[in-house]
Amino acid sequence: MKVTLIAALTADGFIAKDDAHLSTRWTSKEDSLFFRERAKHAGHMIVGSKTFATFNRQMKGRKMYVYSRSLEVENAYNNDIEVVSLAPKELIADLAKRGIEEVLITGGSSIYTLFMNAGVIDTLLLTHEPVIFGTGVTLFNEAVSAKLQLSLVHNLSDQTKVFEYEVMQ
Ligand SMILES: NC(=O)c1ccc[n+]([C@@H]2O[C@H](COP(=O)([O-])OP(=O)(O)OC[C@H]3O[C@@H](n4cnc5c(N)ncnc54)[C@H](OP(=O)(O)O)[C@@H]3O)[C@@H](O)[C@H]2O)c1
């Protein structure tokens, strides 16, 4: 099964101003469309409860595995969710057993870090947006070490590029 981390970054390396900051408030329309296409194609997204709480609509055609230590997560827009807390390797093995071919790791920082440090990410899709926050939430919130190979640059517009990296094992 393919495991892809997808994130949008400011020019100074942040993914949000704070943990309640909705990504689509500052990313480009092109990036929102790119994210929607990739998410619909995969059909399965892994997300932390704080990021899930920032979503302000129903996302049809996608199942979300919401990481939380609580048994229940507020699901105001009636999304298709499953609350999870398994270690990343166990969750990925479980999803593979169910016949799922691709899953997107859609953040936030703590979930990106958990999955990178578990060594289960194959590909990173990092959108670079021409915005600066100065301070905020970083892509990872702990030490992470990985060697990447740039495999593709998606030219979403003159201003917005997505860098696709493969994680070297
Ligand atoms: N720019 C982008 O592409 C992008 C993408 C995604 C998110 N973001 C931003 O990132 C920010 C949120 O990031 P964040 O790191 O603060 O929060 P987060 O990763 O979205 O969620 C953290 C929560 O996940 C749960 N969790 C974490 N580790 C767990 C584990 N081992 N087992 C079970 N549950 C676990 C806990 O939920 P409970 O507290 O419920 O137990 C924890 O509070 C938001 O501002 C969001 O907009 C940006």
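Just so you know, all these numbers are worked out from the coordinates, no wet-lab data involved. Predicted model only: the values in this text are computed from it and were never measured. Glycine also receives a Cβ, built like all others from the backbone with ideal geometry; neighbour counts cover every protein chain displayed.
Based only on the alpha carbon positions, what is the Kirkwood hydrodynamic radius of the chain, in angstrom?
Evaluated on the chain, it is 16.2 Å.
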Check: Ranked highest first by the average count of other Cβ atoms within 10 Å around their residues, in what order do 112-120, 159-167 fall?
Finding: 112-120, 159-167
Check: Pick from SER151, SER110, SER23: which residue has the top mean-square fluctuation in a GNM of the chain where Cα pairs under 10 Å get a spring?
Finding: SER151
Item checked: Per-residue Cβ neighbour rank within 10 angstrom, fewest leading, ARG69, ARG38 -> ARG69, ARG38
Notebook entry, point to check: Computed FRET efficiency, Cβ-Cβ of GLN58 and LYS2, R0 35 Å: what is it to the nearest 0.05?
Noted result: 0.85
Next item on the list: Would you mind calculating the gained length between VAL144 and ALA20 on full extension (0.36 nm times residue separation, minus the Cα-Cα distance), in nm to one decimal?
Entry: 42.3 nm
Notebook entry, point to check: Given only helices, namely DSSP H runs of n ≥ 4 each adding -39500 (n - 2.57), what is the per-residue ellipticity at 222 nm of the chain, to the nearest 500 deg cm²/dmol?
Noted result: -6500 deg cm²/dmol
Next item on the list: Indicate, rounded to the nearest 5 percent, the antiparallel portion of the DSSP beta bridges found entirely in the range 2-168.
Entry: 40 percent
Checklist line | Euclidean distance of C-alpha centroids, the range 110-169 and the range 54-96, integer Å | finding: 21 Å
